[in-house]
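Down below is the structure, laid out as structure tokens.
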Amino acid sequence: MVGSIGVFCKDNIHFCTAEMGYYIAEEFWGNGLGASAVGQICQYIFKNTDIIRIFAEPFAYNIASCRILEKSGFQYEGTLRSNAIKNGQVLDMKMYSLIKSDIEQ
Ligand SMILES: CC(C)(COP(=O)(O)OP(=O)(O)OC[C@H]1O[C@@H](n2cnc3c(N)ncnc32)[C@H](O)[C@@H]1OP(=O)(O)O)[C@@H](O)C(=O)NCCC(=O)NCCS
């Protein structure tokens with residue numbers, strides 16, 4: 001096992017929306033595993049569930065995470081300013097999404 005990825009369904013009016021999270025163990029970074037996992041799980045979700053929107057919210061400074069989302073066809077929708085506080089630091093996050101119809105075209 002070198003990492004983990006999950007896609008979590010939202011509720012109420014967002015029942016066809018899901019949030020994705022992932023990590024790869026540091027010794028395996030830079031081998032394409034992150035991008036491969038994101039691509040494969042999105043294909044699986046859109047093929048086998050009613051989800052129409054998958055989103056991810058990396059920290060704005062997380063260039064590798066933003067890059068694998070962009071490589072997987074996710075669209076950058078904007079920056080969520082001061083959206084988190086980690087270790088006492090106020091951080092921006094970026095909103096990325098992949099819509100089912102994006103990959104059906
Ligand atoms: C984000 C993460 C999953 C990426 O996994 P990975 O297997 O290393 O990703 P890949 O090898 O598929 O791709 C990484 C891409 O980022 C690029 N990259 C990485 N660091 C970079 C940097 N500092 N500047 C520019 N590009 C960078 C790589 O060049 C590569 O792009 P390329 O294929 O166009 O060259 C991994 O770094 C990780 O687990 N980080 C810690 C947890 C985390 O941040 N999870 C996401 C929370 S939203």
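A few comments on the model shown:
- Percent of Cα pairs exceeding the 20 Å cut-off, where the set is the stretch 3-104: 39
- Estimated 222 nm signal from helices in the chain, with DSSP H stretches of n ≥ 4 weighted -39500 (n - 2.57), rounded to 500: -8500 deg cm²/dmol
- Whichever lysines have a C-alpha closer than 24 Å to that of Lys47, once near sequence neighbours (fewer than 8 apart) are set aside: Lys10, Lys71, Lys100
- Under 5 Å, built H, 5+ apart or other chain: amide partners of Leu80: Met93, Lys94, Met95
Read-outs throughout are calculated quantities, based only on the coordinates presented, and are distinct from any laboratory measurement. Just so you know, these numbers come straight off a predicted model, no measurement behind them.
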